[in-house]
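Encoded as structure tokens, the structure appears first; notes follow it.
The values are calculated or read from the model by the stated rules, or taken from the named source; none is laboratory data. All values derive from a computational prediction rather than experimental measurement. Note: ideal-geometry Cβ built from the backbone for every residue, glycine included; neighbour counts use all protein chains shown. Heads up: the accessible areas ignore ligands, DNA and RNA and are worked out on the full protein's heavy atoms, side chains in. Shrake-Rupley method; radii C 1.70, N 1.55, O 1.52, S 1.80 Å.
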Amino acid sequence: MPINQPVGLFVGLVTLDLIYLSAALPQANQKQVALDYSMAAGGPATNAAVAFQFLSAATPQAARLVGVIGSHPVSQLVLADLLKQQITPIDLQPNALQPLPMSSIIVTQATGERAVISINATRLQASPDQIPTNLLQDVQVVLLDGHQMPVSLEIARQAKAARIPVVVDGGSWKPGFEAVLRYADYAICSANFLPPQCQSQAEVIRYLQALQIPQIAITRGAESILYCDLSGQGELPVPAIQAVDTLGAGDIFHGAFCHFILDNDFPSALSSAAQIAASACQSFGTRAWMRQG
């Protein structure tokens with residue numbers, strides 16, 4: 001790896017995403033022909049790694065993905081896509097025979113909204129003793145999506161000891177986040193992220209501040225981003241667009257943020273990430289945005 005080139009470590013969920021574009025959600029007992037379809041490796045950490053790698057195009061294999069992939073035939077489809085995207089896969093259970101989680105997604109053409117069904121990583125949990133040695137060598141930023149919580153906690157501890165910034169993707173609350181968040185330098189949460197006893201975004205921010213997280217942001221879809229850091233609180237506008245597909249927008253935001261925060265202050269990195277996420281929402285699937293001029 002060239003000296004001073006960005007390297008990001010992304011830890012969490014690896015899935016196979018089957019994505020369909022539809023005029024409307026199917027009704028009960030209805031068969032429906034899709035308008036378009038796509039298949040790709042997915043999951044929050046995976047999509048974030050893809051975005052980070054794309055934005056770090058001058059550095060081959062700048063993104064390293066830590067998760068469970070295994071040796072099932074479905075795993076080969078996922079690996080092929082990761083290698084195509086120049087992602088370095090770090091498989092915690094390379095001999096696992098179970099099929100990877102497969103997400104079935106329907107994107108509604110008129111609104112770009114998505115409906116997702118998946119079992120996430122609950123049946124493929126790795127343990128900290130499966131973490132390879134020297135995992136953090138050359139790494140400048142770590143992102144944790146919470147889907148491999150025991151592994152994430154250990155990697156967060158190691159990153160903190162090595163003074164490597166830790167970004168937590170708070171898409172939704174998951175048991176165990178209360179321990180991982182104590183090591184976070186950046187908590188980038190969605191409006192759906194509600195820790196126990198929190199019922200509003202103001203309460204979420206207070207909860208995260210009580211954990212002494214120095215930089216906090218809450219993304220709210222088409223609404224402004226709420227953020228706070230050591231200099232105070234504020235709001236950042238997001239681009240106004242006509243969304244074609246919102247699938248993976250938050251994941252792509254997180255990957256872009258990890259790229260931009262290496263050379264920018266917190267608000268600037270958030271704003272730049274919002275631009276990338278908005279661009280991704282203007283094409284179908286989680287990969288087409290990278291092919292746009």
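Residue-wise HN-Hα couplings along the range 203-215, as the Karplus relation 6.51 cos²θ - 1.76 cosθ + 1.60 with θ = phi - 60° gives them from phi, are 5, 4, 4, 5, 4, 5, 5, 5, 7, 6, 7, x, 10 Hz; Gly and Pro carry x. One chain, two ends: Ala240 and Gln61. Fully extended at 0.36 nm per residue, the span grows by 61.2 nm beyond their Cα-Cα distance.
Under a 5 Å amide H cut-off, with hydrogens placed 1.01 Å from N, Trp173 pairs with Leu194 among residues at least 5 apart or on other chains. Of the residues Ala184, Asn264, Val33, the one whose Cα sits farthest towards the positive end of the charge dipole of the chain is Val33 (charges of +1 on Lys and Arg Cβ, -1 on Asp and Glu Cβ, taken about the Cα centre). Full extension of the chain segment joining Asp265 with Gln130 gains 45.1 nm, where the gain is 0.36 nm per residue of separation less the Cα-Cα distance. Entry note, the range 137-277: relative contact order of 17 percent, from Cα contacts under 8 Å with a spacing of 6+ residues.
Rounded to whole numbers, the Karplus 3J(HN,Hα) couplings from phi for the range 155-162 are 5, 4, 4, 5, 5, 4, 5, 8 Hz, using 6.51 cos²θ - 1.76 cosθ + 1.60 with θ = phi - 60°, and x at Gly and Pro.
Structural size metrics of the range 166-293, computed from C-alpha coordinates, are Rg and Dmax of 14.3, 45 Å. Considering only alpha-carbon pairs that sit under 8 angstrom and 6 or more positions apart, the relative contact order computed for the range 64-124 is 34 percent.
Accessible surface for the chain, divided over its residues, is 46 Å² per residue with a 1.4 Å probe.
Here the range 17-50 and the range 58-116 have alpha carbon centers that stand 14 Å from each other. Across the options Ala49, His254, Leu18, the greatest Cα extent toward the positive end of the charge dipole of the chain (unit charges at beta carbon of Lys, Arg, Asp, Glu) belongs to Leu18. Quick one: compute the contact order of the range 94-184, relative version, from alpha carbon pairs under 8 angstrom and 6+ residues apart, as a percent. In percent, rounded to a whole number, it is 22.
For the range 141-153, backbone phi angles converted through the Karplus equation (6.51, -1.76, 1.60; θ = phi - 60°) give residue-by-residue couplings of 7, 10, 10, 10, 9, x, 8, 10, 5, x, 5, 4, 4 Hz, Gly and Pro being listed as x.
When the charge dipole of the range 110-157 is built from unit charges on Cβ atoms (+1 for Lys and Arg, -1 for Asp and Glu) and taken about the Cα centre, the candidate among Asn134, Leu153, Ala121 whose Cα reaches farthest toward its positive end is Ala121.
Principal axis analysis of the Cα atoms in the chain yields extents of 52, 44, 41 Å, listed in decreasing size. Other residues lying with their Cβ under 10 Å from the Cβ of Leu247 contribute a combined charge of -3, Lys and Arg counting +1, Asp and Glu -1. Charges were assigned to the Cβ only: +1 to each Lys and Arg, -1 to each Asp and Glu. The resulting dipole of the chain about its Cα centre is roughly 320 debye. At full extension, Ala162 and Ser283 could sit 39.7 nm farther apart than now, given 0.36 nm per residue minus the alpha carbon distance.
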